[in-house]
Every structure is written in structure tokens, then in C-alpha cells.
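Okay, so here's the structure we're looking at.
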Amino acid sequence: MADKTIVTGVDGSETASTAAERAAVLARALGARLHVVSAYGKLEQETVKIGSDTMFLSSEKDAEDVAAKVAAALRAAHPDVEITSGAAEGKPGEALVATAEALGAELIVVGNKRVQGIAGRVLGSIARDVAVHASCDVYIAHTHQK
């Protein structure tokens, strides 16, 4: 089992998938395990009452599914890398940093451009947030064409 951990975040976008692929390549080269995480927001949670039953609906399951799908594809492409997945509550940058800290990760891999927004031309807001707040190294993968 690897004693180094790399964390990468996914959201179903091509940009995040490209960064996750780079993270898997780095994990293989460094002999590290890779943890793929997808963030979900607390504001996306909802309580629904049906008769006397109360159900708590959250996008946590959706986030887990996104991370699991990407992790499965990465495992198929990189069978020699230990790859786990999960969901984390919070904004994407916060969720990545918190997950990395909880796992004692040595590296966080993020993409350099967010799919949405004009600010993505310079550096994506997630990459910026992670770079500012991470207590470990951050690798910013080039994920888009000029």
C-alpha cells in the first residue's frame, strides 16, 4: 500500500477529468494512492416530508456517484494505482483542502481553468482557492487549449 496520497477533485466536467487523469499519472510515477473527491453544497440539501416520514435529500449521493465514475475510469486506465473516491461537503476549493488535510495528502491536483465564467481565462477560482489555502503542495494541471 502506498504511503503517499494525492487528492484531486471532479465535478463531471472535461476540465476536472483532465486534471484527474494527470493526478493518476503523478500517483503512478510517485507510487502514491489517489483519492478522487467531488464537492456538494449544504445549500443543495433539502428536507422533504411525506406523511409522517421525513426524508433528507442531498446532492451528496450525486457527488459520490460523480467521483466513483471518474475513479472507475481511472482504475481501468491505471490498474497499478490505488484509487479511492468520495464526496465532501463545501465549496469545491474548501472541500479539496479539507479532504487533503483529513487524509494527510502530500499533493492536491487541480485544473487551471473552470469550464464556466470569464475569470477562467487567467486561473480558475478553484485552483486559486486551493493554492491559497492548502497546507500541502498544489499541482495546477494545464487543462485547456488556448
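The values are calculated or read from the model by the stated rules, or taken from the named source; none is laboratory data. This structure is a prediction, so every number in the text was calculated from the model and none was measured. All Cβ positions, even for glycine, are placed from backbone atoms using ideal geometry, and neighbour counts span all protein chains on display.
Below are the figures for this structure:
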| quantity | calculated |
| --- | --- |
| Hits in region 1-32 - residues which are within 13 Å of ILE83 (Cβ to Cβ) and not small (Gly, Ala, Ser) | MET1, THR5, ILE6, VAL7, THR8, VAL10, GLU21, VAL25, LEU26, ARG28 |
| Residue within region 37-53 that is at pLDDT 90 or above and either more than 13 Å from the chain's Cα centre (by Cα) or within 16 Å of ALA141 (Cα to Cα) (or both) present | no |
| Qualifying position, being in contact with a Lys or Arg (Cβ under 8 Å, 6 or more places away or on another chain) and at positive phi, among GLY104, GLY90 | GLY90 |
| Considering residues of region 54-72 that are aliphatic (A, V, I, L, M) and outside any helix (DSSP H, G or I) only, the residue surrounded by the most Cβ atoms within 10 Å (Cβ to Cβ) | LEU57 |
| Criterion violated by ALA119 - all others in (1) more than 19 Å from VAL66 (Cβ to Cβ); (2) modelled with pLDDT under 95; (3) surrounded by 15 or more Cβ atoms within 10 Å (Cβ to Cβ); (4) aliphatic (A, V, I, L, M) satisfied | (3) |
| Residues located in region 54-73, provided they are over 16 Å from ALA24 (Cα atoms), of a type in the set (Gly, Ala, Ser) and modelled with pLDDT of 65 or more | SER59, ALA63 |
| Positions within region 73-99 being in a helix (DSSP H, G or I) and within 19 Å of THR15 (Cβ to Cβ), in sequence order | ALA73, LEU74, ALA77, PRO92, GLY93, GLU94, ALA95, LEU96, VAL97, THR99 |
